[in-house]
Each structure stands twice: as C-alpha cells, then as structure tokens.
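Asks: Handing you a structure now.
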Amino acid sequence: MGKESTKNELGTPVLEQVYGKGVSRAAARQRKARLGMTSEGRKPGWGSYAGLIVTLLLFVFPLYYAISIASQDSPSNQYGVQALIPGGSLFRNLGRAFGELKFWQALGGTFTVATVVSISTVFFSTLAGYSFAKLHFRGRNVLLTCVVATMTIPQQLSVVPLYIMANKAGLYGNLLAVIIPGLVSAFGVFWMTQYLSDALPYELIEAARVDGCSMFRTFLSVGLPAARPAAAMLFLFTFIGQWTNYFWPMLVLGANKNSMLTTAAAALKGAYFTDYTIVMSGVLLTTFPLVLLFFFAGKQLVSGIMAGAVKG
C-alpha cells in the first residue's frame, strides 16, 4: 500500500527512471482516468453532459441571436423566424454602427471610467479589508456590519440623492459623475476582509513591524502582495461591471451620452422606428472588448475566484 501510494505521488519522468517505462505508462493512464472523474470519484454520465450542453446553449443563444439580427440585409428581416438565420450584411452594419456610435470616443470614455473605478475599488477595498481583518480597534465589528448592510440597499433608492448631489456639484453630463460614486464598493470591502482574514498570517505583520515598517508601509509591503489573487478577481469583476453599467450613466450623462458605449448603443434607437440591425451591431461592438478581456484574463479570473473560495 505504501509503495503504491509513493508511485501515485511521483511524477511520470521520475517513475520512468525508478520503475521503468511500463509503470510510467500505467501511472499516466491512471492519472488521466482520475482527471475525467467528478469530485465524488465517479465518471460523469450522459445526463451531466446533456445538462452542460443545454446550459451552454442557453448562454450562447442570446449572443447568436444578436449576431444573426446584426447580419440581416434589411430591417424587415429583424423579426420572426427569419431573424434566426444569419444574413450577409454583418460587417456593413457594424461599419454603420461604428460611425453612429462615435466608437473611439465612447470606447475611450468607457475604458477611462472602468479603469479608474476598478483601480480605486481594489486599493480602497484592500485597505479597508486589511484594517477590518488584521487591526484591532474599538467598533470594528459594528463598522463592518454597517458596511455589509449597505449591500442590501437597492441602487434605485440612492439614485435621487446622487443625482441631486451631482447636479449641484456641476458634474451633470461629466464622466466624473459616473466615476466618483463607484470609487469604492461594500462588496469589495467585504470580499477583501474575508480573504485577508485567512490568507495573511499575523506573523508576517509582526515581522514587518519589528523591522521598523509603519502601519501603512506594512500594508503596502505585506498586505497588498498577500491580497493579489483576490484583488485580481475584484479588479476584473469591477471592470466588467463598470463597462456594462447603463442605468446610472444614462441618468447623469445627459446629452453627453456618446461618452460611454452602453449609453451610446442605447441612443441608436430611433424615435418612431428602431432598426435593430444597427442596435445589435452596436451591442456587438460594445461586447467585443469584454470578450477579448476574458480571453486573455479568464484564467486569472478563475484562479482568483478559486483562491477566494478555498479556505485554509
């Protein structure tokens, strides 16, 4: 039993050197078989694959439908069963939407808002999470409870006071009116508090303090590196949330709606008739940068989620 366990723990090249090629191949086949099993130690059946396929189709179908409508030859083909069959005018419609959106202006504004808000949210949330998780001060639990309690308040309830404050501050129609309310989030503070409470040992903080680091320097040198996986996840989720944000920018940007992609795409609707071939083309142009982001950073996103979910 002990010898078999040792074989399972060794890598394939080591097994080949110690036990020979036959044992190495057998171990590789066993490892491959184990990778195809579920967490309960059994192989997934046809029901599991059917469920996954149905779920995938449900998520992919809206995107396919948008592409199909955006590729129609004329606005008359944007309804009914014929809208499910892709046409041949996708790139022509994308070009029209590109011009009507003022794409580069909207892309620059959206990227600025998403980047500034994401960096600010990560920094302040990590700073607050570090304080709540590792510093002992009076009222810590009460303050954390108040922060978490704000997550239960619907966004719509804060719209009116935020709108009044933005208007009185002279920010109406300015991107700052979109950036400032999102500089920190209650979810970010809660997430980083939960992560740092387990991921950062007190011994590292005490060692930094003994070496003469100030409290803020300890946070920069010890807290931030320890929070990197969760911070990466928080950055990506905040970036995606700000990129797709529509409700608040629509209210506060006024006539300056071309400053962000979501509001610019919504402005493609006509007053009396809506050409959804152009609207869906604008939606695709708005979504495409996010698809690229997930393509290049999806692995980091998944690893950040798993790092935050696994305790101990």
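Asks: Hey, any hits in segment 227-238 for a residue that's hydroxyl-bearing (Ser, Thr, Tyr) and surrounded by fewer than 17 Cβ atoms within 10 Å (Cβ to Cβ)? Reasoning before the result, please.
Replies: Looking only at segment 227-238, we keep the residues that are hydroxyl-bearing (Ser, Thr, Tyr), and these are 238.
Subset that is surrounded by fewer than 17 Cβ atoms within 10 Å (Cβ to Cβ): none.
No, the conditions are met nowhere in segment 227-238.
Asks: Identify, by number, the condition in (1) within 30 Å of THR244 (Cβ to Cβ); (2) modelled with pLDDT of 90 or more; (3) surrounded by 12 or more Cβ atoms within 10 Å (Cβ to Cβ) that LEU224 doesn't meet.
Replies: (2)
Asks: GLY173 versus (1) at positive phi; (2) modelled with pLDDT of 90 or more: which is the lone unmet condition?
Replies: (2)
Asks: Scan segment 185-214 for residues that are out of contact with any helix residue (DSSP H, G or I) (no Cβ under 7 Å at 6 or more places or on another chain), without any contact (Cβ under 8 Å) to a residue 40 or more places away in the chain and assigned to a helix (DSSP H, G or I) and jot them down.
Replies: Hits for segment 185-214 are GLU203, GLU206, ALA207, VAL210.
Asks: Determine which single condition ARG138 fails, assuming it passes every other condition in (1) in a helix (DSSP H, G or I); (2) surrounded by fewer than 16 Cβ atoms within 10 Å (Cβ to Cβ).
Replies: (1)
Asks: How about segment 150-184: which of its residues are surrounded by fewer than 16 Cβ atoms within 10 Å (Cβ to Cβ), free of Cβ contacts under 8 Å to residues at least 40 places away in the same chain and of a type outside the set (S, T, N, Q)?
Replies: Result: MET151, ILE153, PRO154, LEU157, VAL160, PRO161, ILE164, MET165, LYS168, ALA169, GLY170, LEU176.
Asks: Now for a different question. Can GLY212 be described as surrounded by fewer than 17 Cβ atoms within 10 Å (Cβ to Cβ) and at pLDDT 90 or above?
Replies: Details: surrounded by fewer than 17 Cβ atoms within 10 Å (Cβ to Cβ): yes; at pLDDT 90 or above: no.
The answer is no for GLY212.
Asks: Just checking, which of SER131, SER185, SER158 is in contact with a Ser or Thr (Cβ under 9 Å, 6 or more places away or on another chain), among the small types (Gly, Ala, Ser), in the same structural domain as LEU253 (by TED's automatic domain parsing) and under 28 Å from LEU251 (Cα atoms)? It would help to see each step written out before you state the result.
Replies: Numbers: SER131 fails: under 28 Å from LEU251 (Cα atoms); SER158 fails: in contact with a Ser or Thr (Cβ under 9 Å, 6 or more places away or on another chain).
One residue alone meets the criteria, SER185.
Asks: Moving on. Name the pairs: first residue in segment 282-293 and over 12 Å from THR244 (Cα atoms) and surrounded by 15 or more Cβ atoms within 10 Å (Cβ to Cβ), second residue of a type in the set (Lys, Arg) and at pLDDT below 90, Cβ to Cβ under 6 Å, at least 6 apart or on different chains?
Replies: If the second residue must be of a type in the set (Lys, Arg) and at pLDDT below 90, no pairs are left.
Asks: How many residues, within segment 90-106, are under 26 Å from the mean Cα position of the chain (by Cα), surrounded by fewer than 18 Cβ atoms within 10 Å (Cβ to Cβ) and in a helix (DSSP H, G or I)?
Replies: Of the residues in that region, 3 qualify.
The values are calculated or read from the model by the stated rules, or taken from the named source; none is laboratory data. Quick caveat: nothing in here was measured; it's all calculated off a predicted structure. When we count neighbours, we look across all protein chains shown, and the Cβ atoms used for this are built from the backbone with ideal geometry, even at glycine.
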